[in-house]
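Computed from the coordinates by the stated procedures, all read-outs in this text should not be read as laboratory data. Worth saying up front: this structure is predicted, and the values here are computed from it rather than measured. Ideal geometry is used to build each Cβ from the backbone, glycine not excepted, and the neighbour counts take in all protein chains shown.
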Amino acid sequence: MAGDLARLAREFAAQIAGLLNATVCDGIRISAVPVSPDLVLAGYGLSKQQLQHAPFAVTVGRRTPRCWLRVGYQLCLDGEGEYLTVASSVFGVYAGAQARQPLCRFDYERGKAGYAEAHLQVYGVSEVLRAWPPGLSGDHDIDCGEHCPFVHDGTPTRELERLHFPAGDRRYRPILEDVIEFLIIEQLADRRDGWKAAVAQGRETFRRHQLRAAIRDDPETAHQALSQLGHDRPA
Amino acid sequence: MASRRQVSAADDGVDVVEMTADEYQAAAQRSLAGLGLTYAELAWQARAGQFASADAADLWALIRGTLPDGAGSRDGR
């Protein structure tokens, strides 16, 4: 890989591997695949043979895993070509024989049209959805363009996994640290000693990066907030 | 499921997989074929917000925008 994207993407992939191996895994390696000068894929199990990122067992030592994770990212540089940007990410939680049964997925797609950039999908059966009355929500049609691919027949989906629960946007969205914490707290995965510190460190780094980006997005509001705290506007 | 191996102290845990453009396209097409989908079909599922499977959604998160829209269409275009 050449250029800043290559270096930054590798550093990011190393942080992901380090985070996993410091919290809920052993010896997980992350592949980085330069697709073009502008795009790098990162994830577990990517190879020249296939790009479907494989699920890896979430377990420490030789304990029998209770769940598996899929982790994948599209990485690029921001519009100024300066900062690493996650264009999309996916964290899928799987269980069952051969890790074929999805429990949930945390997806992020920058610039996603139609629903929240960051969203959660849960796999299962919802009796509420099955009983949901039809024919009440067709007027969403008026908000959409001519080529909208969504079906607006007034009947909500009966399938829980078809719902995209909003989970934030590019600045405030679930990250891998949140998923790891979720797995541990909900007793879906064993954890390593010191996992909390690793999660806290990664989360702090992410939040500082996002705060800097939010300030670049809206410096006037940032100036106002700093002024309220007694900081003078720079000359 | 892939195997696991220990990471040495000097190792950052990252494997860089260099590919030519042709190798990338072939890998992407193999992954699509494994799901029984073309890229155009997967792109349509993404636009509709209705992936045929979790595997399809996972693959889209990685390869979206990296192939021509008509790549792998069933009519050979």
Original post:
Taking only the alpha-carbon positions of region A:63-122 and ignoring solvent, what does the Debye formula give for the base-10 log of I(q)/I(0) at q = 0.14, 0.18, 0.20 Å⁻¹?
Top reply: -0.51, -0.71, -0.80
Subject >> Loop-located GluC sites (Glu not before Pro) in region A:157-215, at most 13 other Cβ atoms within 10 Å (DSSP) >> reply: A:186
Subject >> From phi via Karplus (6.51, -1.76, 1.60), per-residue ³J(HN,Hα) for region A:100-110 in Hz, x at Gly/Pro >> reply: 9, 9, x, 9, 6, 9, 10, 10, 9, 9, 4
Subject >> residue A:201-residue A:231 FRET efficiency (beta carbon distance; Förster radius 30 Å; 0.05 resolution) >> reply: 0.70
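Once you compute Rg and the Kirkwood Rh from C-alpha atoms, what is the Rg to Rh ratio for the protein assembly as shown? List each step's numbers first, then the result.
Values: Rg = 20.6 Å, Rh = 21.0 Å.
Result: Rg/Rh = 0.98.
For chain A, list the DSSP H helices whose alpha carbon atoms reach 27 Å or more along the long axis and whose average Kyte-Doolittle value is -0.5 or above? Don't skip to the answer; put the middle values down first.
Details: long enough: A:3-23 (31 Å, 0.42); A:195-217 (33 Å, -0.93).
For chain A, where a helix must reach 27 Å along its axis and average at least -0.5, the hits are A:3-23.
If I stretch the segment between residue A:157 and residue A:169 completely, what's the gain in nm (0.36 nm per residue apart, minus their alpha carbon distance), one decimal?
1.9 nm
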**OP:** Starting from the Cα of residue A:64, move 7 Å in the Cα-to-Cβ direction to define the label point; list residues of region A:81-105 whose amide nitrogen is under 20 Å from there.
**Re:** A:94-103
